[in-house]
Amino acid sequence: MQTNKSKTASSKLLKSINQQRVLRLIFTEGPITRVELAEKTGLTQQTITNIVNRLLQDDVLQELNPVASNGGRKPVPLMVKSENLYAIGVEIAVRYVRGTLMDFRRRPVKEIVVDVPVYNNDEHPVLYIRQVVDELLGHVTHRNQLKGIGCSIQGLVDSKRGVVIYSPGLRWRQFPLQERLEAAYGLPVYLENDANLLALVENLNGRLADSPNNLTIKLDYGIGGAIVANGQLLAGMRHVAGEFGHYKAFDGEDARQCHCGAKGCLTTFASASGLKRNGGYTPEELKQALEADEPEAVRLFGKVEAAVGRAIGNVITILNPNHVLLTGKMIDVLGERLIPALNRRIMETVPESCREVELVYLPRTPDESSSAVGLVMNHFFDVPLDKFSI
Ligand SMILES: [Zn+2]
């Protein structure tokens with residue numbers, strides 16, 4: 001038998017779940033009337049009226065002009081006041097922190113980028129994040145309209161616990177970033193790994209929308225990746241699934257020490273930091289050197305292309321995906337040359353049964369701070385079903 005206390009707790013939870021269901025429906029299907037809401041949710045008219053009144057009071061909804069009907073009271077369509085709801089997205093990269101303040105129609109209000117020469121210790125990134133968020137807060141008129149902060153992070157992230165497990169570039173190990181930022185700002189904070197976030201956005205309404213099985217590979221300052229199998233993002237036991245950068249791709253004299261502790265990882269050559277380490281090139285400089293047919297550049301590019309192509313080919317053979325999405329600075333700058341070379345190599349190496357796979361790429365690496373705004377929006381409209389089983 002339930003105690004009174006647990007009864008109150010579960011009725012409170014049910015109330016909040018119902019409210020979220022109604023709010024989500026108004027957001028995705030609005031303009032929608034109270035009658036339609038009752039029909040679609042199976043809740044009583046009275047419950048819908050109570051929920052809608054609360055949401056109107058919170059200034060989250062607006063009532064549109066009544067529509068004509070056959071006699072009786074005219075139904076009033078409801079919509080979410082997307083232009084009055086805001087979120088902050090922050091991209092925490094190894095060389096910069098970018099923040100964007102957006103409304104829920106995804107219209108940017110203000111964007112700030114702060115360059116970072118180097119992070120000296122684990123508190124240093126927090127200072128940069130706070131600098132960016134503080135400045136963005138200055139552009140929010142009504143603080144209660146700001147619904148949260150979403151963070152895209154170059155590193156391993158446990159998004160459920162809100163902890164950055166490991167990010168060598170940001171000098172974080174088991175760092176409780178969510179807790180730190182929530183304490184500083186009194187707002188909900190959500191974290192996600194940059195490649196996972198990019199994959200989520202592209203799988204929801206981008207180039208991977210109709211792709212049940214796919215890989216996202218981000219060849220950037222480092223290399224990140226995400227695996228979607230049967231429409232689900234794969235996390236693995238320790239959130240390491242999809243860490244394509246540490247695929248063992250080199251041996252012999254090319255087996256360089258990697259920051260992960262192993263040797264011969266793909267990222268030691270095939271990322272922007274890998275290029276710097278080996279030929280001293282930035283991706284732009286490598287592109288120029290390739291155009292001038294400089295032998296050292298041609299050799300390095302050949303090594304990178306062969307290693308990445310073979311690695312992707314092997315992963316395709318194991319996972320049999322519908323699509324592989326490539327993005328990141330290396331693709332932005334070198335894609336014109338790299339994509340056709342990879343395509344050729346992959347098609348040569350994968351078994352015939354896997355050759356239907358499609359290699360797609362983004363013309364430009366998306367702005368991850370605006371993707372991070374999406375994290376806040378998703379949570380704001382989310383129905384907390386995972387809490388339903390307590
Ligand atoms: Zn490694």
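Checked against (1) touching an Asp or Glu at 6+ places or on another chain (Cβ under 8 Å); (2) under 26 Å from CYS151 (Cβ atoms), LEU338 passes all but condition (2). With respect to the conditions (1) open to solvent by 10 Å² or more (accessible area, probe 1.4 Å); (2) at pLDDT 95 or above; (3) part of a helix (DSSP H, G or I), VAL132 falls short on a single one, namely (1).
When VAL97 is tested against (1) in contact with a strand residue (DSSP E or B) (Cβ under 8 Å, 6 or more places away or on another chain); (2) within 30 Å of GLY155 (Cβ to Cβ); (3) assigned to a loop (DSSP other than H, G, I, E, B), only condition (3) is not met. Is it true that ALA272 is more than 18 Å from VAL94 (Cβ to Cβ), within 16 Å of the ligand (Cβ to nearest atom) and surrounded by 22 or more Cβ atoms within 10 Å (Cβ to Cβ)? The answer is no for ALA272.
Sort out which residues of region 342-368 are under 23 Å from the mean Cα position of the chain (by Cα) and β-branched (Val, Ile, Thr), and write them in order of number. So that I can check it myself, show each step before the final result.
Residues of region 342-368 that are under 23 Å from the mean Cα position of the chain (by Cα), as a first pass: 358-368.
Matches in region 342-368: VAL360, THR365.
If you scan region 166-177, which residues turn out to be at negative phi, in contact (Cβ under 8 Å) with a residue 24 or more places away in the chain and either open to solvent by 30 Å² or more (accessible area, probe 1.4 Å) or not aliphatic (A, V, I, L, M) (or both)? Let's see the steps before the verdict.
First, pick out the residues of region 166-177 that are at negative phi: 166-170, 172-173, 175-177.
Then keep just the ones that are in contact (Cβ under 8 Å) with a residue 24 or more places away in the chain; that gives 168-170, 172-173, 175, 177.
Correct list: PRO168, GLY169, TRP172, ARG173, PHE175.
Counting only residues that are in a helix (DSSP H, G or I), within 21 Å of TYR221 (Cβ to Cβ) and not β-branched (Val, Ile, Thr), region 310-343 holds 10 of them.
GLY280 - would you say it is small (Gly, Ala, Ser), more than 16 Å from the ligand (Cβ to nearest atom) and on the phi > 0 side of the Ramachandran plot? Considered against the rule, which asks whether it is small (Gly, Ala, Ser), more than 16 Å from the ligand (Cβ to nearest atom) and on the phi > 0 side of the Ramachandran plot, GLY280 comes out as yes. Taken over region 232-245, residues that are within 14 Å of the ligand (Cβ to nearest atom) and out of contact with any Gly (no Cβ under 7 Å at 6 or more places or on another chain) amount to 1.
Among the residues of region 246-263, just one is near the ligand (Cβ under 8 Å from one of its atoms), part of a loop (DSSP other than H, G, I, E, B) and surrounded by 19 or more Cβ atoms within 10 Å (Cβ to Cβ), namely CYS258.
Being more than 16 Å from the ligand (Cβ to nearest atom), surrounded by fewer than 24 Cβ atoms within 10 Å (Cβ to Cβ) and in contact (Cβ under 8 Å) with a residue 60 or more places away in the chain is true for just one of ALA199, ALA184, ALA229. Which residue is that?
Working: ALA199 fails: surrounded by fewer than 24 Cβ atoms within 10 Å (Cβ to Cβ); ALA184 fails: in contact (Cβ under 8 Å) with a residue 60 or more places away in the chain.
ALA229 is the lone residue from the list that is more than 16 Å from the ligand (Cβ to nearest atom), surrounded by fewer than 24 Cβ atoms within 10 Å (Cβ to Cβ) and in contact (Cβ under 8 Å) with a residue 60 or more places away in the chain.
Counting the residues of region 275-286 that are free of Cβ contacts under 8 Å to residues at least 12 places away in the same chain and either part of a helix (DSSP H, G or I) or among the polar types (S, T, N, Q) (or both) gives 3. Screening ILE316 with (1) crowded, with 20+ Cβ neighbours inside 10 Å; (2) out of contact with any Cys (no Cβ under 9 Å at 6 or more places or on another chain) gives one miss only, at (2).
The values are calculated or read from the model by the stated rules, or taken from the named source; none is laboratory data. Because the structure is predicted, anything quoted here is derived from the model rather than measured. Neighbour counts are summed over all protein chains in view; Cβ atoms, including those assigned to glycine, are modelled from backbone coordinates with ideal geometry. For accessibility, only protein heavy atoms count, side chains too; no ligands or nucleic acids. Shrake-Rupley method; radii C 1.70, N 1.55, O 1.52, S 1.80 Å.
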